[in-house]
Amino acid sequence: MISVIIPIYNEKDSIDPLQRDIERVMKGLEQEYEILFVDDGSTDGSTELIREKETSSPAIRAIFFRKNFGKSATLNAGFQASRGEIIFTMDGDLQDDPEEIPRFLAKLDEGYDLVTGWKVKRKDPLEKRLPSKLFNAITSRMSGLNLRDYNCGFKCYRREVIKEIRLYGELHRFIPSWPTRRVSGWRRSR
């Protein structure tokens, strides 16, 4: 089974198209899957929409936080609740393209344990992109791992990698660099 974890915070307008795109890709792969929305205390109607979807499709599951705890908390909850042997994480803002899922799976087939994406056409404003570039450069230098986008939420993990991860604060940004520092034997790809 493949689990797709999607942290959601006020992404009501993105939920329908994201679900549709993921389902289309997954049906093409002919693999059992689940889409796990983790609502981080949304106030825009996302919660109600996800509840509707959860009752209308057996492939959709959800976790709801009463207030906003942040991305690390949502990912941690999703990791713990996911059922798949392969786990994807994707942001809920439509900047991650589900059409890339087969390419990530191909990397796993090559023997990698963690595959991370990057946003090619980032839709964020300049004041968000510049600090991100600086963060990526510093993190690459410190970890010795040259990744384009540590902040990208589009990642794929084998279950055994997830078992080693406990997130809090802003640690979700550093997941790709953990194998070089914490766990030997992981193979990463971008």
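Below is a table of values for the structure above.
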{"quantity": "Close pairs from the stretch 6-17: first outside any helix (DSSP H, G or I), partner surrounded by fewer than 17 Cβ atoms within 10 Å (Cβ to Cβ) and not acidic (Asp, Glu), Cβ under 8 Å, at least 6 apart", "calculated": "9/68; 10/43"}
{"quantity": "Complete set of residues in the stretch 22-53 that are charged (D, E, K, R), on the phi < 0 side of the Ramachandran plot and surrounded by fewer than 17 Cβ atoms within 10 Å (Cβ to Cβ)", "calculated": "24, 27, 32, 44, 48, 51, 52"}
{"quantity": "Residue satisfying condition, being charged (D, E, K, R), in contact (Cβ under 8 Å) with a residue 60 or more places away in the chain and touching a helix residue (DSSP H, G or I) at 6+ places or on another chain (Cβ under 7 Å), within set 97, 113, 44", "calculated": "113"}
{"quantity": "Single residue of the stretch 77-93 satisfying the filter (among the hydrophobic types (A, V, I, L, M, F, W, C) and part of a helix (DSSP H, G or I)) that is surrounded by the most Cβ atoms within 10 Å (Cβ to Cβ)", "calculated": "79"}
{"quantity": "Some residue of the stretch 61-76 being closer than 24 Å to residue 100 by Cβ, modelled with pLDDT of 95 or more and in a helix (DSSP H, G or I)", "calculated": "no"}
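The values are calculated or read from the model by the stated rules, or taken from the named source; none is laboratory data. Given the structure is predicted, the values throughout are model-derived calculations rather than measurements. All Cβ positions, glycine included, derive from the backbone under ideal geometry; neighbour counts span all protein chains shown.
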